[in-house]
Amino acid sequence: FIGSPQMNFIDGTLMKKEDGSYAVDLGEDTVAIPAEKTAGVDLSAYEGKMIKMGIRPENIEDDPAFLEANADKVLTAYVDVHELMGSEIYLYLTYKDTRFTARVEPTTKSRTGDTIKIALNTNRVHLFDPETELTIVN
């Protein structure tokens, strides 16, 4: 995947919710996928199965207003490194045993050693088949 920093990948199980929408079960956490993201896509073959969820660093937020507005997409992560890159900051994070990168605003209060809340912009998430690596939802 081209990009710098590269896309993050998190393993999870695709679950169909009672209202017909989908979510990715990450074990202790569940991330809701917007219905419009999966509209017209037949996901029945993946229900209850492992998938890879991909999200680019710029689609991970630690902004308090975004966190509040997206409570069903919030995860708790540990900040391994806080790197100032001029007009943006890279946060190198650990969520459970998965390491990934977030590209956040320079106004962030997150620092190395912090345990923080992050929210995923699931309008921009990608779902992949872990065996074939083919895109399920783009």
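Over segment 5-138, with every protein chain in place, what whole percent of the accessible area is carbon and sulfur at 1.4 Å, could you tell me?
Working: 3340 of 7280 Å².
Percent of accessible area from carbon and sulfur atoms in segment 5-138: 46.
Can you tell me the accessible area per residue over the chain, all protein chains present, probe 1.4 angstrom, in square angstrom?
Solvent-accessible surface per residue comes out at 56 Å².
Can you show me the helix-derived [θ] at 222 nm for the chain, built from DSSP H runs with n ≥ 4 at -39,500 (n - 2.57) apiece and divided by the number of residues, rounded to the nearest 500.
On the way: 2 runs with 10 residues, N = 138.
Roughly -1500 deg cm²/dmol at 222 nm, from the helical runs in the chain.
The list [x] 112; [y] 120; [z] 96 gives values of volume of the Cα convex hull per residue in Å³, and only one came from this structure; which label was calculated from it?
[x]
What is the magnitude of the charge dipole of the chain about its Cα centre, with +1 placed on the Cβ of each Lys and Arg, -1 on the Cβ of each Asp and Glu, and no other charges, expressed in debye to the nearest 20?
Rounded to the nearest 20 debye, it is 160 debye.
Mind checking which lysines have their Cα closer than 17 Å to the Cα of Lys17? Skip sequence neighbours fewer than 8 apart in that chain.
Of all the lysines, those that pass the test against Lys17 - Cα under 17 Å, at least 8 places apart if same chain - are Lys37, Lys49, Lys73.
Based on DSSP loop calls and a cut-off of at most 15 other Cβ atoms within 10 Å, the longest stretch of the chain free of exposed GluC sites (Glu not before Pro) is what?
By the stated rule (loop sites, at most 15 other Cβ atoms within 10 Å), 89-130.
Based on DSSP loop calls and a cut-off of at most 16 other Cβ atoms within 10 Å, the longest stretch of the chain free of exposed trypsin sites (Lys or Arg not before Pro) is what?
Details: sites that count: Lys17, Lys49, Lys96, Lys109, Arg111.
With trypsin sites (Lys or Arg not before Pro) excluded where exposed in loops, the chain gives 50-95 as its longest stretch.
The values are calculated or read from the model by the stated rules, or taken from the named source; none is laboratory data. Source: prediction; values computed, not measured. Every residue, glycine among them, receives a Cβ derived from its backbone with ideal geometry; neighbour counts consider all protein chains shown. Accessible surface areas use protein heavy atoms only, side chains included; no ligands, DNA or RNA. Shrake-Rupley method; radii C 1.70, N 1.55, O 1.52, S 1.80 Å.
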